[in-house]
Amino acid sequence: MALVVPLSDVSDDALALVGGKAGKLGELVRQGLPVPPGIVVTTEAYQAFVDATDLRTVIPEALASIDPARPDTVEAASSRIRSTFAATEFPAALRAPIAAAYETFVRESSATFSAVRSSATAEDLEGASFAGLQETYLNVAGVDNVLAAIRSCWGSLFTSRVLVYRQKKGFDHSAVRLAVLIQKMVEATVSGILFTRDPNTGENHILVEAGWGLGELIVGGEVTPDHYVVDGATQKIVHKQISEQKVRLVRASEGGNRREEVPAADRSRQKLSDARLLRLVSLARLIESRYRRPMDVEWCGDADALYIVQARPVTTIPTSTAGTSGALAPAGSSGAGEPIVRGFGASPGVAGGVARLLRGAAEMERLKAGEVLVTTMTTPDMVPAMSRAAAIVTDEGGMTCHAAIVSRELGVPCVVGTREATRTIAEGSEVTVDGKTGSVYRGIRAEATPKGTAPAVLPAGVSHDSVPVTATKILVNVGVPEKAEEYARLPVSGVGLLRIEFIFTAHVREHPLALIKKGKKDELVRRLADGIGRVCQAFHPRPVIVRTSDFKTNEYRGMPGGEEYEPVEENPMIGWRGCSRYVSPVYRPAFLCELEAIHRVRTEQGLKNAMVMLPFVRNTWELEEIAETLKGSGLRRSRDFKLYLMAEVPSIVFLAREFARHCDGFSIGSNDLTQLVLGADRDSETLGRMGYFDERDPAVLAAVHQLIEGAHAEGKTVGICGQGPSVYPEFAEFLVREGIDSISLNADTVVPTIRSIAALEQRMKLEGLRRRE
């Protein structure tokens with residue numbers, strides 16, 4: 001059992017063991033970015049603590065007592081679980097190794113004080129950041145204090161606000177685990193948050209917020225930070241807004257934190273010099289380059305250096321940035337009038353309602369559904385009220401504070417940092433909030449729409465009829481089943497990629513062979529079928545292409561029970577993965593469970609739109625054996641059941657026509673195809689920075705051309721299910737011009753990419769007409 005692991009040894013692949021926060025920071029350590037050193041008390045330690053104490057029965061009993069319609073039952077369950085965590089001492093078998101690992105860490109890193117931070121398995125994920133909802137303790141020293149902080153972090157997995165948020169986001173309370181990250185404490189003189197893309201408009205601007213001292217006052221919305229805007233293309237500073245800061249949070253001499261007044265000479269001084277700001281921007285660009293998506297980054301700096309202390313995907317980038325769609329007309333134009341207050345637009349959308357002024361979380365029950373929450377600051381404790389609000393307006397805070405992030409995920413228009421909303425907006429008055437422009441107007445205007453009238457992935461005013469039709473079929477990638485109903489509203493032809501391993505990590509959470517050994521095969525099949533069926537039901541009758549598992553050995557070893565079955569490989573990327581598992585006697589029982597789950601969805605649930613795609617195919621003989629296994633599981637290729645192959649290994653490209661005889665189509669896995677064509681490990685920090693890993697390389701483009709040509713010669717389709725087409729417009733144009741049949745996209749890029757492809761297809765049509773003249 002791995003109770004404690006070094007932060008430098010973990011990565012995103014170890015989500016089940018170390019949680020989202022630690023996994024991403026470990027990934028950045030591997031990339032060579034400046035991250036304070038640390039250790040992770042794993043989810044296995046959490047589970048061992050629960051299993052060895054009264055919590056084993058207290059947690060399920062308390063959760064079972066919750067009535068979602070009664071907030072008091074949520075609070076009662078939370079209080080019971082958290083008080084039990086606080087009162088329960090560590091069993092000796094757990095205390096000794098955790099204490100020893102902490103003391104070794106302190107000795108080797110010279111960490112007099114530590115930050116003790118929650119890292120849940122449902123945290124810092126796409127579509128659900130859980131921003132600020134679980135506990136962090138700063139400037140902690142001594143074994144006893146650290147162990148107490150660990151228990152408090154574990155207990156914060158069950159605060160009432162976390163229980164409400166998890167329920168709203170569709171996470172199973174009983175399936176979530178929490179690791180604890182312990183890092184060397186930076187004696188920060190300046191801290192803040194940045195977005196590598198404007199989260200409100202989606203524009204290519206890097207937004208940085210900075211304040212004196214520790215960052216907790218910024219993320220908690222208690223101070224208004226400096227606000228800097230850097231052009232993402234030119235790296236030039238295009239805007240500065242310097243805010244006065246009267247108080248800061250610093251380390252107390254005996255440990256913990258204390259507030260102190262900022263010296264008068266520093267209160268209105270720029271918090272980050274231009275040189276440090278641009279250094280921070282360069283670090284942010286490296287992080288975004290690693291993840292190939294906009295990122296939300298927390299950072300701090302001492303007198304000598306800057307450090308990254310958290311990185312997570314931006315969960316709410318709008319799908320369209322054209323014009324001012326979804327915003328009220330600017331002041332001075334017809335219909336808008338003059339705003340009564342202005343601030344930062346923290347969450348887009350326009351909503352109106354009766355203003356309800358709250359002095360804090362203790363007054364949350366005063367807010368009725370559909371009212372506008374007006375308060376000095378938004379905090380994570382106010383999530384239950386935020387979920388009821390039509391809109392949110394605050395005096396303090398920046399557009400990147402944690403509560404603002406949560407408001408975007410909830411789809412609630414939000415304006416922060418107005419400085420005077422609680423003094424200017426009258427209790428009980430009617431107001432309209434424009435979360436895009438950061439303005440609040442008197443009265444409820446015609447442009448204000450009811451909360452929740454459209455999913456976040458489909459922009460307001462956009463319908464299937466308003467999106468152009470394309471000859472290239474557009475599909476969507478689905479990560480977790482909980483998002484299926486929302487994504488099904490998109491103007492797509494189906495699901496091009498449903499990774500079954502995401503259902504393993506989110507719903508099964510244990511190595512499949514370990515479950516089978518315990519006699520829980522039926523439970524494994526049921527959980528897989530439930531997840532797959534949920535997606536198929538939402539999209540029915542549109543096809544859902546289910547990719548069977550493609551865990552690598554290092555990923556599977558990180559799952560509970562995995563070490564017994566997974567070898568240690570020097571290069572798991574080209575090791576025992578994909579189809580090679582399915583023809584192995586060792587893994588075959590687990591593969592049969594995957595097929596049984598898919599067959600159950602198609603037969604018992606009657607959802608014939610579930611199709612199968614095989615990953616990391618190397619040769620045809622394994623395909624022939626797998627085809628027989630599929631037939632034995634009741635999955636035979638026919639008019640209503642299609643079998644697709646991931647095109648990732650160059651052998652498929654060279655022998656496309658031969659492989660085509662064994663399938664109904666191909667889907668290009670651009671990441672693996674690129675690394676194998678170029679011999680460039682996609683996880684290599686050095687090669688990535690040197691520019692070797694690039695889907696647009698001529699050799700990769702030649703491979704794609706050869707695959708499409710060979711597949712089409714045999715009458716088979718070719719699609720792609722990577723991010724490349726939405727990240728690189730020129731790559732999308734190449735694919736369309738090559739005649740690719742379908743492109744499967746992440747949900748937030750569907751609508752703008754459809755429009756881009758429609759425009760490209762129209763240009764191609766006109767070019768063809770000109771050539772005929």
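The values are calculated or read from the model by the stated rules, or taken from the named source; none is laboratory data. Because the structure is predicted, anything quoted here is derived from the model rather than measured. Quick reminder, even Gly has a Cβ in these numbers, built from the backbone with ideal geometry, and neighbours come from all protein chains shown. Side chains are part of the model used for accessible areas, which takes the heavy atoms of the whole protein and leaves out ligands, DNA and RNA. Shrake-Rupley method; radii C 1.70, N 1.55, O 1.52, S 1.80 Å.
What the table shows:
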{"item": "Selection count where residues are outside any strand (DSSP E or B) and farther than 25 Å from His205 by Cα, scope segment 238-253", "result": "3"}
{"item": "Criterion: open to solvent by 50 Å² or more (accessible area, probe 1.4 Å) and either at pLDDT 95 or above or not in a loop (DSSP other than H, G, I, E, B) (or both) - qualifying residue of Arg618, Arg682", "result": "Arg618"}
{"item": "Test: residue in segment 623-639 that is crowded, with 19+ Cβ neighbours inside 10 Å, farther than 26 Å from His507 by Cβ and in contact (Cβ under 8 Å) with a residue 40 or more places away in the chain", "result": "yes"}
{"item": "Pairs with Cβ under 6 Å, 6+ apart, first in segment 667-679 and in contact (Cβ under 8 Å) with a residue 24 or more places away in the chain, second of a type in the set (Lys, Arg)", "result": "Asn671/Arg682; Gln675/Arg682"}
{"item": "Residue that is nearest to Pro615 (Cα to Cα) [pool: residues in segment 516-544 that are open to solvent by less than 20 Å² (accessible area, probe 1.4 Å) and in contact with a Gly (Cβ under 7 Å, 6 or more places away or on another chain)]", "result": "Val544"}
{"item": "Total residues in segment 20-33, condition more than 18 Å from Phe105 (Cβ to Cβ) and in contact with a helix residue (DSSP H, G or I) (Cβ under 8 Å, 6 or more places away or on another chain)", "result": "8"}
{"item": "Hey, Glu135 among the charged types (D, E, K, R), at pLDDT 75 or above and under 22 Å from Tyr291 (Cα atoms) or not", "result": "no"}
{"item": "Any hit, segment 68-82, residues being of a type in the set (Ser, Thr, Tyr), under 28 Å from Met364 (Cβ atoms), buried (at least 20 other Cβ atoms within 10 Å of the Cβ) and modelled with pLDDT under 95", "result": "yes"}
{"item": "Selection status of Val586, open to solvent by less than 40 Å² (accessible area, probe 1.4 Å) and either under 31 Å from the mean Cα position of the chain (by Cα) or in contact (Cβ under 8 Å) with a residue 40 or more places away in the chain (or both)", "result": "no"}
{"item": "In segment 157-170, residue surrounded by the most Cβ atoms within 10 Å (Cβ to Cβ) [restricted to those that are β-branched (Val, Ile, Thr) and out of contact with any strand residue (DSSP E or B) (no Cβ under 9 Å at 6 or more places or on another chain)]", "result": "Thr159"}
{"item": "Considering residues of segment 171-229 that are in a strand (DSSP E or B) and more than 24 Å from the chain's Cα centre (by Cα) only, the residue surrounded by the most Cβ atoms within 10 Å (Cβ to Cβ)", "result": "Gly211"}
{"item": "Any pair with Cβ under 7 angstrom, 6 or more apart, that starts in segment 330-351 at a residue that is open to solvent by 50 Å² or more (accessible area, probe 1.4 Å) and ends at one that is at pLDDT 80 or above and assigned to a loop (DSSP other than H, G, I, E, B)", "result": "Arg342/Thr418; Arg342/Gly438"}
{"item": "Residues (open to solvent by less than 10 Å² (accessible area, probe 1.4 Å) and not in a strand (DSSP E or B)) located in segment 473-497", "result": "Pro481, Ala484, Leu490, Gly494"}
{"item": "Helices (runs of 4 or more DSSP H) wholly inside segment 1-118 containing at least 2 residues that are under 27 Å from Phe504 (Cα atoms) and in contact (Cβ under 8 Å) with a residue 24 or more places away in the chain", "result": "15-30, 43-51, 55-64"}
{"item": "Answer residue from segment 648-666, given it is open to solvent by 10 Å² or more (accessible area, probe 1.4 Å) and not in a helix (DSSP H, G or I) and is nearest to Trp621 (Cα to Cα) among those", "result": "His662"}
{"item": "Criterion: out of contact with any Gly (no Cβ under 6 Å at 6 or more places or on another chain), open to solvent by less than 30 Å² (accessible area, probe 1.4 Å) and charged (D, E, K, R) - qualifying residue of Asp266, Asp296", "result": "Asp296"}
{"item": "Pairs, first open to solvent by less than 80 Å² (accessible area, probe 1.4 Å) in segment 230-246, second of a type in the set (Gly, Ala, Ser) and at pLDDT 90 or above, C-beta under 7 Å, six or more apart", "result": "Ile242/Ser268; Gln245/Gly211"}
{"item": "Among the residues listed as Leu760, Leu673, Leu707, Leu735, the single one being at pLDDT 80 or above, open to solvent by less than 30 Å² (accessible area, probe 1.4 Å), within 26 Å of Val480 (Cβ to Cβ) and not in a loop (DSSP other than H, G, I, E, B)", "result": "Leu673"}
{"item": "Answer residue from segment 557-576, given it is surrounded by fewer than 21 Cβ atoms within 10 Å (Cβ to Cβ) and among the aliphatic types (A, V, I, L, M) and is nearest to His511 (Cα to Cα) among those", "result": "Val568"}
{"item": "Subset of segment 299-318 that is part of a loop (DSSP other than H, G, I, E, B) and buried (at least 20 other Cβ atoms within 10 Å of the Cβ) - its residue that is modelled with the lowest pLDDT", "result": "Pro318"}
{"item": "Criterion (more than 30 Å from Val704 (Cβ to Cβ), touching a Pro at 6+ places or on another chain (Cβ under 8 Å) and crowded, with 17+ Cβ neighbours inside 10 Å) met by exactly one of Cys579, Cys593", "result": "Cys593"}
{"item": "Residue that is at pLDDT 90 or above and open to solvent by less than 20 Å² (accessible area, probe 1.4 Å), where the choices are Ala385, Ala391", "result": "Ala391"}
{"item": "Qualifying residue in segment 600-613 (condition: open to solvent by 30 Å² or more (accessible area, probe 1.4 Å), in contact (Cβ under 8 Å) with a residue 60 or more places away in the chain and not charged (D, E, K, R))", "result": "yes"}
{"item": "Criterion violated by Arg276 - all others in (1) basic (Lys, Arg); (2) within 30 Å of Arg359 (Cα to Cα); (3) open to solvent by less than 70 Å² (accessible area, probe 1.4 Å) satisfied", "result": "(2)"}
{"item": "Residues within segment 423-463 that are modelled with pLDDT of 90 or more and part of a loop (DSSP other than H, G, I, E, B), tallied", "result": "6"}
